[in-house]
Every structure is written in C-alpha cells, then in structure tokens.
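Values in this text are rule-based calculations from the coordinates and carry no lab data. Treat the numbers as computed from the prediction; the structure is a model and nothing was measured. Cβ placement follows ideal geometry from the backbone for every residue including glycine, while neighbour counts extend to all protein chains displayed.
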Ligand SMILES: CC(C)(COP(=O)(O)OP(=O)(O)OC[C@H]1O[C@@H](n2cnc3c(N)ncnc32)[C@H](O)[C@@H]1OP(=O)(O)O)[C@@H](O)C(=O)NCCC(=O)NCCS
C-alpha cells in the first residue's frame, strides 16, 4: 500500500531463489524493463537525477500521503528524495522493492510513483501488491489506472505472477476505483489492517485479480 523506505531486512527477505513448479526462479536474473510506455505516461525506473522532480510531486498533495500511506508528517527535503531515488535504483536491480516513477509524456513532469512493495511480494507464488500515488494537480486524468494496469501486465507477463492484489484503506474511495476499473474483485476486508498516522487503525480492503486477460486492451510497450 505505502511506499516506505527500504530496510536491510527487506533485502534479505526478498532476494532469494523462489521455487515455481519445481523450477528455481532467481528474481535478479529476470529481465525487467527500466521503462514502460503508454501513449500518455512513461513508467521510469528511479535513478540519480530524478529527486527534484519527484520531490515536487510528493509535495503536491503531501497531506494525502500522510493520511493514506502513513508517511511521516514531516515532509522530506529535496536531498532526501534524491537519496531515495538512488537507493530505489539499487532496490530495483536487486528486485527487493520494484518502483517506477510515473512521468506525464506531454510535459515530461513526474506525476507520481507506483510500486510492488516488498512487504506485498511473494516470489514463491508469485504474487505482487501494487501501490500508487498521483500528485494532486494531475489527478482524475486516468494516470493511476493506466500505471496500475501496466504494473499488472508487468507482473503477469514478466514476473510470472499468478495473483496480483491492491490494498486500499476502506475510506479511500479514490484508490478503490483503480482496482475496480481494472477488473479486480474485492476479495476480503481486514479490520485494523493498516496503521494511520493518528494512531487509529484503518479497515483495509484487498482487491485481487488472477489473470491479465481483462487488461490485454491496455497500452503497454516495453
Ligand atoms: C488514489 C489516486 C492514486 C487516484 O489517482 P488518479 O490518477 O486521480 O486516478 P484516475 O484518474 O486513474 O481515476 C480512476 C477513477 O477513479 C475516479 N476517482 C478519482 N479520484 C476520485 C475521488 N476522489 N473520488 C471518487 N472517484 C475518484 C476517477 O474519476 C476515475 O473514474 P472515471 O474514469 O470513471 O472517471 C490519487 O487520488 C492519490 O494519489 N491519492 C493519494 C494517495 C493514495 O491514496 N494512494 C493509494 C493508496 S492505496
């Protein structure tokens, strides 16, 4: 659900050889595209140089990320976000936490980020969760739906996923629209499934999909 800072524990848990139908799969040896294109957005692997643009995206609607993603109430500095971009590049190569910046093609502006969070990833199934945020000034243009759809295709077509999930705070109507538009079904609701920054616990809805077939019409070029 949230985009959180990486920990060494994440690396240890997720970088391992998963067994699928008796075959050994090493996530590091899977070729994962560094960019994925639709006609309106590019998904771009994070790396050095994207910090300033991502910082602007993060500051545009920061209160929503505190509310729904449980980010710190203290916003990051530009330098911290640039440091994150470099660390997230390393995470991408290690396949420990796969993230993409969402770039609006028409303006080359970073409008958000999407990811397969490590704590929602199970390479043994394989199964992936998808998280996303879009800066406030670029919402309701279909970017979250497009980005999440491209991540679903990536999961099924490149990472051999058998199941993909999206977890939403039950009060986050905007977020729940994304899986519903992509053909996910509400699988279960977990009371107290996500910590809120104010100390309360949110009810978490889990939407799931078991096939890429409903998404084959989506533009997705790698
Ligand atoms: C949730 C979020 C990513 C949606 O991004 P977005 O780019 O505006 O989403 P889309 O444009 O793809 O919208 C998909 C659908 O949801 C609808 N929608 C978007 N925001 C909505 C809102 N606040 N209330 C109701 N519906 C909404 C859109 O109208 C669209 O439906 P339509 O095509 O029938 O018009 C964005 O609001 C956000 O970043 N919120 C803060 C972070 C967050 O909550 N992340 C998700 C954590 S699980």
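Observations on the model:
- Shape call, the chain: gyration tensor on alpha carbons, a/c limit 1.5: rounded
- Cβ crowding within 10 Å averaged over residues, with 96-102, 181-187, 27-33 ranked highest first: 96-102, 181-187, 27-33
- Added length on full extension, which subtracts the Cα-Cα distance from 0.36 nm per residue, residue 109 to residue 170: 19.0 nm
- The spacing between segment 156-219 and segment 77-99, judged by their C-alpha centroids, is 24 Å.
- Rounded FRET efficiency, nearest 0.05, which uses the C-beta distance separating residue 59 from residue 191 and R0 of 30 Å: 0.35
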